[in-house]
């Protein structure tokens, strides 16, 4: 079975458009400015989630970056459904 072709315009984690200015096809208009992703710090943990085949070939989308920065909204450790009043 072959893997689908890598699309540099899609996030390698969720598959949604990544809005990467550098991956957008040039339509003859003025060159785009720097991509939003050059202004953001990506955590090492987030970068480790990118499949090897997509590393340095496709940007992670802003939604995945934001989600990685959100603290877990689950129950605190040791709290169960029966502990909630």
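The values are calculated or read from the model by the stated rules, or taken from the named source; none is laboratory data. What you see is a predicted model; the values in this text were computed from it and never measured. Cβ sites come from the backbone with ideal geometry, for glycine too, and all protein chains shown count toward neighbours.
Looking at the range 22-43, which of the residues that are in a loop (DSSP other than H, G, I, E, B), touching a helix residue (DSSP H, G or I) at 6+ places or on another chain (Cβ under 7 Å) and under 18 Å from residue 57 (Cβ atoms) is modelled with the lowest pLDDT?
In this case the residue turns out to be 40.
Criterion first (touching a strand residue (DSSP E or B) at 6+ places or on another chain (Cβ under 7 Å), at pLDDT 90 or above and surrounded by 10 or more Cβ atoms within 10 Å (Cβ to Cβ)) does residue 17 satisfy it?
Taking the combined requirement at face value, the residue satisfies it.
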